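For reference, the structure is listed below as structure tokens.
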Amino acid sequence: MSLPNSNDNLATGDTFTDASITSARDAQANAALRVLQNKKPLPEIDFTIHTMDDGTTASTLERYNKDVMAPAVTVPTNDVFFSKEFPDRPDIVFLKEHFFREGRLTEEQAIYILQKATDILRKEPTLLEVDAPITVCGDIHGQYYDLMKLFEVGGNPETTRYLFLGDYVDRGYFSIEIWYPDSVFLLRGNHECRHLTDYFTFKTECRHKYSETVYDACTESFCALPLAAVMNKQFLCVHGGLSPELSTLDDLRRINRFREPPTHGIMGDLLWADPLEEFGQEKTSEYFVHNHVRGCSYFFSYHAACAFLEKNNLLSIIRAHEAQDAGYRMYRKTRTTGFPSVMTIFSAPNYLDMYNNKGKSFMPALVHDFTAILKYENNVMNIRQFNASPHPYWLPNFMDVFTWSLPFVGEKTSDMLLAILNTCSKDELDDDDLVLNITDDAENIGSSSPTHVPEAATPESAAATPVASNPASPEAESTEVLLRKEASKSRIRQKILAVGRISRVFSVLRTESESVSELKDLMGTTKLPYGYLALGAEGLRRAIHSFEDAKRCDIENERLPPTKEEKEKEEKDKIMKAIDEAQHTSQSRLEELEAIKVAEGSDVHGIENH
């Protein structure tokens, strides 16, 4: 019901009193009240039930996948943390299960474990001497769940001895929980130092899970780690390799290991050296060549390895430090013993979740029907492989869910923009009247339309449509309208295409987030190059190839990272180079302008003379 119009009343000669107007308003209000009172109630939504796209329902009050163990959400009390049998030691059985459920300790408990481990490590010699049976394992790189699989296959670490060749931390997200100080022998790797743990993920992990105090306690324990071991008086076990300064085993015993590893010298070489890629088929007679891949230390040759083994009456060098597709590599045999001169072991299967390699461990122990270990007992070795174990999903760089969901929000926003723009269909865009109306409406609300030739128009078409010199003439107005119509069409088409591309990019970010993160890791960057997201899901997967491709992409991370001073110097050099290039460009431009002025002056002078 609408109120009476006074103008209509005057036209008909009728008059209305205040009472009739009030009555009409009351009737209108009563009608509105009746509508509100008779309004159908909104459907009730049960937020404890979630309905899937396929119509199935699930409770929001319990875990959807009950087969996956719920994470531990509380830190243990000291009564649970310490063993009942040995009150001064942590309960290893409890910790194994607690860490398997992604549980954490209190800061005091974590520091207690690290300090106890450091005290044990300090008492050990720089060169360990261990007898068989013992399990020798390569790099772990924080892959806790694969470590648990290794212990499962190789035997309980409380009863089976293990020798790890270093690199327990970095580039994995579960490395703080790998300490078994009373049941394993640990050697130092190149990643067990402040420089690399600061550069890679371990320091970030410590800060995220605990604090920088825990990180400091970890780095203190790193400096107490032994550097090498002689196993069964037959094998030299070390993380990296040989050094030009290493002649006898006594040279190892004399090293001061309680410090940050230097980039030069015998200690750094033990952690960083590699065998030559053409090991055993070298084209050089030199024993040691600069290691350009690592940016420090050396490559050692087959002849260097044989000379060291013969002088020290050893069979082979067992090392880690390099990812291997099969999990291990046997190098050329020595002429005197017929045994491989060097063996490389890598015990982190599917390294970084991208290499898809198989892990290995050496196990000089009793023969069991296990996989993924190398057993050695009574001078007999057997190599077996093990595959990666599933682990909980962590967002890259400990990202929170809100940040991770932004591509979804962006995709939905771009979908809405695309829906708005798509109110104009292709047929409508080709309709001259529609485009003319759009242009006129834009003018009415104060928008300006371009009067230049749009990108869609060719130079020939522009030249074939001359604009009259009199802007008020009908011919000029007609030409201007045509140009404006074509420009409007072009703008709308371009907007639709642009928003469509944005929608595709956000869709790829949302659905292929793991591939995007993996590709960033492979490329060693936090920002993908232009155009990669536009490739789509299949294009991203094609960009991630085989183990060798992944290894080549990751080779930059195998180098010794630059120090802070080197980074600052590099940044300063970049700035100075940019300034020099800008000055050179400006100078060249000034010279060009001067030459143009001189040429123009010569032309003018010639014309005047003429």
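Structure summary
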{"read-out": "The stretch 51-127, relative contact order [Cα under 8 Å, separation at least 6], %", "value": "25"}
{"read-out": "Over 25 Å (Cα to Cα) - which of LYS84/LYS116; LYS84/LYS203; LYS203/LYS567; LYS96/LYS209; LYS149/LYS233; LYS123/LYS149 fall in this group", "value": "LYS84/LYS203; LYS149/LYS233; LYS123/LYS149"}
{"read-out": "Beta bridge orientation in the stretch 230-337: antiparallel %, DSSP, nearest 5", "value": "50"}
{"read-out": "Estimated vicinal HN-Hα couplings, Hz - the stretch 36-45 in sequence order (Karplus 6.51, -1.76, 1.60; Gly, Pro = x)", "value": "5, 5, 8, 5, 5, x, 5, x, 6, 10"}
{"read-out": "Binned Cα-Cα distances of the stretch 87-383, short to long, each 10 Å bin given as a whole percent", "value": "6, 30, 37, 21, 5, 0, 0"}
{"read-out": "Whether the stretch 59-135 is rounded, prolate or oblate, judged on the alpha carbon gyration tensor where a/c under 1.5 counts as rounded", "value": "prolate"}
{"read-out": "Highest average packing first - 130-141, 55-66, 315-326, Cβ atoms within 10 Å", "value": "130-141, 315-326, 55-66"}
{"read-out": "Order by protection proxy (mean Cβ within 10 Å, highest first), peptides 106-119, 193-206, 568-581", "value": "193-206, 106-119, 568-581"}
{"read-out": "The stretch 62-98 and the stretch 248-313: distance between their alpha carbon centers, rounded to Å", "value": "43"}
{"read-out": "Peptide ranges 19-32, 213-226, 243-256 listed from the most packed, as the mean C-beta count within 10 angstrom indicates", "value": "213-226, 243-256, 19-32"}
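FYI, it's all coordinate maths here, none of it is from the lab. Quick caveat: nothing in here was measured; it's all calculated off a predicted structure. Here Cβ is always computed from backbone atoms with ideal geometry, including for glycine, and neighbour counts include all displayed protein chains.
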